[in-house]
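Participant: This is the structure I want to talk about, given as structure tokens.
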Amino acid sequence: MSAAAALADVHAARPDGARPILRFERVGHVFGTESCPLRALDCVDLDVAPGEFVAIVGASGCGKSTLLRIAAGLISPREGAASFDGAPIVEPRGEIGVVFQDAVMLPWFNVIDNVTLPARLAGRDMSAARAEAERLLENVGLTGFSQSWPSSLSGGMRQRAAIVRALMTKPRVLLMDEPFGALDALTRERMNLELARIAEQSRVAVLLITHSIAEAAFLADRVVVMTPRPGRIAEEIPVPIPRPRTPKTLSSPDFAAVCERARAHFLEDGGSE
Amino acid sequence: MTDAAVPLAVAPAARRRPASRGRVRWTNRALSAALFVGVIGAWEALVRLFDVSPLMFAAPSAVLEAFMRGVSRGLYWEHLGVTVFEVVAGFSIGASLGFLLAVAVSEFERAGRLLFPYLVAIQSLPKVAVAPFVILWLGFGVESKVLLVALITFFPVLINAMSGLAIQDPQRMDLMRVFRATRWQTFRYVRLPSAAPAIFAGLNVAAVLALTGAIVAEFVGAQRGLGVLLLQAQTNLDTAGMLVILVMLAAIGLTINVTVRAVERKVTYWVARRGDAP
């Protein structure tokens, strides 16, 4: 099968690909009542290697957010299991960071207090956390905004602060659920470049969920195409584009090929993209 | 590429106030002063013009005269102090208990479901109607007034705090779960601030009712307080004296209201309010 072939490709290309940091084994999930069940996920097998960037593309309602919530430990799957570094995920854990679709900044905290919230909740040394947060904010171009209120930031800036907040726990996996879905197209492109840089620098493994094939192909080492009802993995497409990714990536033939291959799934489906 | 985003976001914060705002504010103040003088003047003029009997109503000049007379006799301070004490003590007790019960009810769902019908039933009862009972139990002193004020302020705070604490923003809850916040942390950092505007809505209502409760309780039976003074003035057919008490009550009510709103502004600093930049 092509999916298996793709997996083999990735693992062959990766010297440290021995043990996945994040693994889904035959994960299935059903919502709704017993009389009216709604199958969200069906038999999903997926591995994410340490430092790997995997993007899941799919139409609305294909269960990709459910998959991410399972990885985050926010819900437990009805069937199968998700594991982090070999240990089953039963509840949220510090090594797994999450960035939601909305930045979810608490309006009663300024940027620095929002960003250092994980440290505060974990009872860690706040002055060290603040210094670390300032450094990370600087890294994402938010220098001088630590005392600002979230409401005074643009959507893109808020989302950058949310990424910094997720990085504060020094996660080894970053789960991102449509993080740029609410942003305008231009900001979104800028955020993609930013995210590519952050991921390349921090070597954190990323599982990104997106509607956008181009976004997935630009950012990921591997694009996973999901089809809805029930949510299944249709294909895993390796992205043979070297890093760092730059605006030039967008015009490379490999990029176009990946996009085309992913798009084929949605066209035969009746064009749900 | 980040640089491009920065000026966009700086712009609103750095926006200057319109130059004419200060002038507008002074014009507004002048207008409202003129309105006050006009109303008082019209009141005085109408009373004189129609030669209204002092047994029915008094002119502002007579009210002022009565006030000065009362002050020189040291008539007011004790009664004023008693009423203010009843309001402040009753409000503090009632509001605190209302808030605490709301927290308990929101934390223990089953208790909430059991209590809710009774709370709604008691809420729809006019609390001043139990004043005779309260006087019967606690007598004519301040205790009965404090209890009635507490009772009357308890419910609006309870009901509003309950509805505020019932807000469950799923995203914020997910965020707190992801960071493995404890129940107390979730309450402290998310649920309580989310509920704060609703709690203050309850406190604003309670603040108005507190004074009403104190005065009604004093009417029903008391030895001291502005309500007692008001009834005495009525017995003496002293309309000017009655109006002095009414003005004092209005002043107390206004002070309470302004104080609660100032505290609200301070505590819920992140809430954008209409007319925030007058």
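The values are calculated or read from the model by the stated rules, or taken from the named source; none is laboratory data. This is a predicted model, so every value here is computed, not measured. Reconstructed Cβ throughout: ideal geometry from the backbone, glycine too, with neighbour counts over all protein chains shown. Just so you know, the surface numbers come from the protein's heavy atoms only, side chains and all, with ligands and any DNA or RNA stripped out. Shrake-Rupley method; radii C 1.70, N 1.55, O 1.52, S 1.80 Å.
Participant: Report, by residue number, each residue of region A:21-46 that is of a type in the set (Asp, Glu) and without any contact (Cβ under 8 Å) to a residue 24 or more places away in the chain.
Facilitator: Going residue by residue through region A:21-46, those that are of a type in the set (Asp, Glu) are A:25, A:34, A:42, A:45.
Selection gives A:GLU34 alone.
Participant: Just checking, how many residues over region A:99-140 are under 21 Å from the mean Cα position of the chain (by Cα) and open to solvent by 10 Å² or more (accessible area, probe 1.4 Å)?
Facilitator: Within region A:99-140, residues that are under 21 Å from the mean Cα position of the chain (by Cα) and open to solvent by 10 Å² or more (accessible area, probe 1.4 Å) number 8.
Participant: Within region B:141-249, which helices (runs of 4 or more DSSP H) (wholly inside it) include 1 or more residues that are of a type in the set (Lys, Arg), in contact with an Asp or Glu (Cβ under 6 Å, 6 or more places away or on another chain) and crowded, with 22+ Cβ neighbours inside 10 Å?
Facilitator: Qualifying helices (runs of 4 or more DSSP H): B:142-165.
Participant: Being open to solvent by less than 20 Å² (accessible area, probe 1.4 Å), without any contact (Cβ under 8 Å) to a residue 40 or more places away in the chain and not in a helix (DSSP H, G or I) is the filter here, so list the residues in region A:172-192 that pass it.
Facilitator: A:PHE180
Participant: Any residue at all in region A:206-214 that is more than 19 Å from A:ALA72 (Cβ to Cβ), more than 14 Å from every other protein chain (Cβ to nearest Cβ), among the small types (Gly, Ala, Ser) and free of Cβ contacts under 8 Å to residues at least 60 places away in the same chain?
Facilitator: Step one: of region A:206-214, the residues more than 19 Å from A:ALA72 (Cβ to Cβ) are A:211-214.
This time we only want the ones that are more than 14 Å from every other protein chain (Cβ to nearest Cβ), so: A:211-214.
Pick out the ones that are also among the small types (Gly, Ala, Ser) and you get A:212, A:214.
Narrowing further to those that are free of Cβ contacts under 8 Å to residues at least 60 places away in the same chain: A:214.
Yes, region A:206-214 has at least one match.
Participant: Ok, one more. How about region A:76-98: which of its residues are without any contact (Cβ under 8 Å) to a residue 60 or more places away in the chain, open to solvent by 40 Å² or more (accessible area, probe 1.4 Å) and either within 10 Å of another protein chain (Cβ to nearest Cβ) or over 18 Å from B:ALA181 (Cβ atoms) (or both)?
Facilitator: So the first thing to find is which residues in region A:76-98 are without any contact (Cβ under 8 Å) to a residue 60 or more places away in the chain, and the list is A:76-81, A:87-93.
Going one step further and asking which of them are open to solvent by 40 Å² or more (accessible area, probe 1.4 Å), we end up with A:76, A:78-81, A:88, A:90-91, A:93.
Within region A:76-98, A:SER76, A:ARG78, A:GLU79, A:GLY80, A:ALA81, A:PRO88, A:GLU91, A:ARG93 qualify.
Participant: Taking the residues in region A:120-140 that are within 16 Å of B:LEU175 (Cα to Cα) and not charged (D, E, K, R) as candidates, determine which candidate is farthest from the other protein chains (Cβ to nearest Cβ). Walk me through how you get there before you give the answer.
Facilitator: Pass one, region A:120-140, residues within 16 Å of B:LEU175 (Cα to Cα): A:120-122.
Remaining after also requiring not charged (D, E, K, R): A:121-122.
Details: A:LEU121: 5, A:ALA122: 7 Å.
Per the criteria, the residue is A:ALA122.
Participant: If A:ASP102 satisfies every condition in (1) away from every other protein chain (no Cβ under 14 Å); (2) of a type in the set (D, E, K, R); (3) within 15 Å of B:ARG172 (Cα to Cα) but one, which is the exception?
Facilitator: All conditions are met except number (1).
Participant: Tell me, please, whether a residue that is among the polar types (S, T, N, Q), buried (at least 18 other Cβ atoms within 10 Å of the Cβ) and not in a strand (DSSP E or B) can be found in region A:34-54.
Facilitator: Of region A:34-54, the ones among the polar types (S, T, N, Q) are A:35.
Checking the rest, the ones that are also buried (at least 18 other Cβ atoms within 10 Å of the Cβ) come to none.
No, that holds for no residue.
Participant: Starting from residues that are farther than 28 Å from B:VAL220 by Cα and of a type in the set (Phe, Trp, Tyr), keep the ones in region B:100-127 and report whichever is modelled with the lowest pLDDT.
Facilitator: Of the residues in region B:100-127, the ones farther than 28 Å from B:VAL220 by Cα are B:100-117.
Right, trim to of a type in the set (Phe, Trp, Tyr) and you get B:108, B:116.
On the way: B:PHE108: 85, B:PHE116: 81.
The qualifying residue modelled with the lowest pLDDT is B:PHE116.
Participant: Whether any residue in region A:118-130 is in contact with a Pro (Cβ under 9 Å, 6 or more places away or on another chain) and small (Gly, Ala, Ser) is what I want to check. Break it down into steps so the answer makes sense when it comes.
Facilitator: The first filter runs over region A:118-130 and keeps only residues in contact with a Pro (Cβ under 9 Å, 6 or more places away or on another chain), leaving A:124, A:129.
Still in the running and small (Gly, Ala, Ser): A:129.
So far as region A:118-130 goes, yes, one or more of its residues are in contact with a Pro (Cβ under 9 Å, 6 or more places away or on another chain) and small (Gly, Ala, Ser).
Participant: Return the total of residues in region B:60-77 being open to solvent by 100 Å² or more (accessible area, probe 1.4 Å) and farther than 14 Å from B:VAL247 by Cβ.
Facilitator: Counting residues in region B:60-77 that are open to solvent by 100 Å² or more (accessible area, probe 1.4 Å) and farther than 14 Å from B:VAL247 by Cβ gives 3.
Participant: Please tell me if A:THR143 is within 11 Å of chain B (Cβ to nearest Cβ) and in a helix (DSSP H, G or I).
Facilitator: no
Participant: So A:ARG229 fits all but one of (1) assigned to a loop (DSSP other than H, G, I, E, B); (2) of a type outside the set (Ser, Thr, Tyr); (3) on the phi < 0 side of the Ramachandran plot; what number is the exception?
Facilitator: Answer for A:ARG229: the failing condition is (3).
Participant: I would also like to ask the following. Would you point out the residue of region A:146-159, among those that are over 24 Å from A:GLU200 (Cα atoms) and in a helix (DSSP H, G or I), that is most open to solvent (accessible area, probe 1.4 Å)?
Facilitator: A:SER151
Participant: Further, regarding this structure: Quick one: count up the residues across region A:47-63 that are in contact with a Pro (Cβ under 9 Å, 6 or more places away or on another chain) and either touching a residue at least 60 places away in the same chain (Cβ under 8 Å) or within 14 Å of chain B (Cβ to nearest Cβ) (or both).
Facilitator: Going through region A:47-63 one residue at a time, the tally reaches 10.
Participant: Here is a follow-up. Let me spell it out: the conditions are (1) within 14 Å of another protein chain (Cβ to nearest Cβ); (2) of a type in the set (A, V, I, L, M); (3) farther than 30 Å from B:ARG191 by Cβ, and A:ALA217 meets all of them except one. Which number is the exception?
Facilitator: If we test A:ALA217 against (1) within 14 Å of another protein chain (Cβ to nearest Cβ); (2) of a type in the set (A, V, I, L, M); (3) farther than 30 Å from B:ARG191 by Cβ, just (1) comes out false.
Participant: If you take the residues in region B:162-182 that are under 21 Å from B:PRO197 (Cα atoms) and of a type in the set (S, T, N, Q), which one is nearest to the other protein chains (Cβ to nearest Cβ)?
Facilitator: It comes out as B:GLN171.
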